[in-house]
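**Student:** Below: one structure in structure tokens.
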Amino acid sequence: MKRRSLVIALASAAALFATWTPAAADYPERPITMIVPFAAGGPTDIVARIAGEYMAKSLGQAVVVENVAGAGGTTGITRASQAKPDGYVIMMGHMGTHGAAPALYPALKYDPTKDFAPIGLVAGTPILIVTRKDFPAQNLKDFVDYVKANQNKVNEAHAGVGSVSFTTCTLLQSQMGTKTARVAYRGTGPVLNDLVAGQVDFACDQIVNLVSQIQAGSIKALAIATATRSDVLKDVPTTKEAGLPEFQVSAWNAIFAPKGTPAAVVAKLNAALVAALDDENTRRRLLELGSVIPDKAGRTPEALQALVESEVARWTPVLKAAGAVAN
Ligand code: ASP
């Protein structure tokens with residue numbers, strides 16, 4: 001028995017040493033790039049900059065956000081997935097890039113379930129149906145009726161095939177039985193600008209991008225697609241209250257590193273993220289934008305891996321049924 005336990009001890013020590021490298025031990029020794037696969041000012045960018053600010057303090061090195069937009073976020077994620085797995089390039093992915101994308105891009109250059117080292121979930125982001133402020137519908141029921149009767153005149157804005165806004169409004173239009181014009185942007189930051197300007201009619205977007213414009217009356221929020229109302233938008237009814245109970249959907253934003261990133265580096269990045277989500281000021285900033293902050297169990301790399309696998313499995317049949325596959 002003694003010999004067997006000695007062999008096991010030596011084997012586990014060897015395994016630990018294999019993941020330990022001098023670089024990992026001293027990581028980080030220089031600034032870290034966080035790729036945000038959408039235009040600046042949108043929900044992913046907002047969440048990345050809030051979390052990154054505290055992570056930088058915790059890690060003792062700058063976390064520099066680099067916006068690499070295109071193809072519903074898959075351009076930036078593809079680039080990040082091919083970076084050197086040393087912890088100096090990480091990425092903010094989400095329910096679109098790491099959940100819906102495989103169904104929408106048959107030739108996708110990465111597999112969300114295999115090609116990353118998950119770091120951790122940052123924020124759940126409930127989805128709202130929003131319109132330009134003078135859109136001729138005062139509630140969700142009128143909106144559905146109007147869009148059905150005028151679908152060749154109405155347009156929807158999204159952040160590209162594979163984005164959260166595209167994915168969730170694909171589901172909405174499928175449930176409404178409508179096919180309006182759909183206008184692609186490099187992120188829902190620019191989408192919001194055109195909604196406020198009245199250039200486009202409606203969108204499905206993440207709450208963190210919308211709260212201040214809704215509160216200012218610059219756009220109209222018809223419903224939130226979660227079971228309960230948001231504490232920061234108490235007057236916005238749920239889709240269930242507003243007569244479209246089947247439209248229940250929420251997004252999430254999470255940090256990933258390239259596959260092969262040393263375990264010691266993943267652990268340091270995860271610890272910095274957990275510290276950020278425990279920091280009062282960071283929490284306040286995320287919560288006042290309507291984010292849902294994961295609990296301790298929801299913040300582990302393992303929990304994120306499980307979420308990605310369940311989201312890919314969930315969205316593939318939904319999007320295929322809706323006939324939404326990129327060419
Ligand atoms: N998350 C994207 C952005 O930040 C929007 C989306 O996925 O719809 O612009």
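The values are calculated or read from the model by the stated rules, or taken from the named source; none is laboratory data. Please read all numbers here as calculations on a predicted model, not as lab measurements. All Cβ positions, glycine included, derive from the backbone under ideal geometry; neighbour counts span all protein chains shown. Surface accessibility is based on the protein's heavy atoms, side chains included, excluding ligands, DNA and RNA. Shrake-Rupley method; radii C 1.70, N 1.55, O 1.52, S 1.80 Å.
**Student:** When the residues of the range 208-224 are filtered to those that are under 19 Å from the mean Cα position of the chain (by Cα) and buried (at least 23 other Cβ atoms within 10 Å of the Cβ), which remaining residue is nearest to the ligand (Cβ to nearest atom)?
**Tutor:** Residue satisfying both the conditions and the ranking: ASN209.
**Student:** Is it fair to say ARG186 is touching an Asp or Glu at 6+ places or on another chain (Cβ under 6 Å), within 13 Å of the ligand (Cβ to nearest atom) and charged (D, E, K, R)?
**Tutor:** Here the answer is no, as ARG186 does not meet what is asked.
**Student:** Condition first: open to solvent by 60 Å² or more (accessible area, probe 1.4 Å), assigned to a helix (DSSP H, G or I) and within 16 Å of TRP252 (Cβ to Cβ). Now tell me which residues in the range 282-305 satisfy that.
**Tutor:** LEU287, ALA297, GLU302
**Student:** So in the range 97-113, with the set limited to residues that are within 14 Å of the ligand (Cβ to nearest atom) and modelled with pLDDT of 95 or more, which one is surrounded by the fewest Cβ atoms within 10 Å (Cβ to Cβ)?
**Tutor:** GLY99
**Student:** For the range 73-162, list the helices (runs of 4 or more DSSP H) that sit wholly inside it and hold at least 3 residues that are in contact (Cβ under 8 Å) with a residue 24 or more places away in the chain and polar (S, T, N, Q); which are they?
**Tutor:** 74-81
**Student:** Does the range 156-178 contain at least one residue that is touching a strand residue (DSSP E or B) at 6+ places or on another chain (Cβ under 6 Å), within 12 Å of the ligand (Cβ to nearest atom) and among the aromatic types (Phe, Trp, Tyr)?
**Tutor:** yes
**Student:** Return yes when THR33 is within 16 Å of the ligand (Cβ to nearest atom), among the hydroxyl-bearing types (Ser, Thr, Tyr) and on the phi < 0 side of the Ramachandran plot and no when it is not.
**Tutor:** no
**Student:** Restricting to the range 57-96, count the residues that are of a type in the set (S, T, N, Q), touching a Pro at 6+ places or on another chain (Cβ under 6 Å) and either at positive phi or within 16 Å of the ligand (Cβ to nearest atom) (or both).
**Tutor:** 0
**Student:** When you go through (1) open to solvent by less than 30 Å² (accessible area, probe 1.4 Å); (2) away from the ligand (no atom under 15 Å from the Cβ) one by one for ASP205, which number turns out not to apply?
**Tutor:** With respect to (1) open to solvent by less than 30 Å² (accessible area, probe 1.4 Å); (2) away from the ligand (no atom under 15 Å from the Cβ), ASP205 is out only on (2).
**Student:** Looking at this structure, is GLU241 open to solvent by 30 Å² or more (accessible area, probe 1.4 Å), in a loop (DSSP other than H, G, I, E, B) and touching a residue at least 24 places away in the same chain (Cβ under 8 Å)?
**Tutor:** no
**Student:** Something else about it: Does VAL130 qualify as being open to solvent by less than 50 Å² (accessible area, probe 1.4 Å), within 13 Å of the ligand (Cβ to nearest atom) and within 25 Å of THR97 (Cβ to Cβ)?
**Tutor:** Yes, satisfied.
**Student:** Further question: Given the condition open to solvent by 40 Å² or more (accessible area, probe 1.4 Å) and in a loop (DSSP other than H, G, I, E, B), answer yes or no: does some residue in the range 268-280 qualify?
**Tutor:** no
**Student:** Further question on the same structure: Just wondering, is there one or more residues in the range 245-257 that are among the charged types (D, E, K, R), in a helix (DSSP H, G or I) and open to solvent by 10 Å² or more (accessible area, probe 1.4 Å)?
**Tutor:** no
**Student:** Test of understanding: among GLY124, GLY120, GLY87, which residue is open to solvent by 10 Å² or more (accessible area, probe 1.4 Å) and among the small types (Gly, Ala, Ser)?
**Tutor:** Answer to the selection: GLY124.
**Student:** Out of the residues in the range 9-51 that are of a type in the set (Val, Ile, Thr) and modelled with pLDDT of 70 or more, which is nearest to the chain's Cα centre (by Cα)?
**Tutor:** Per the stated criteria, the residue is THR44.
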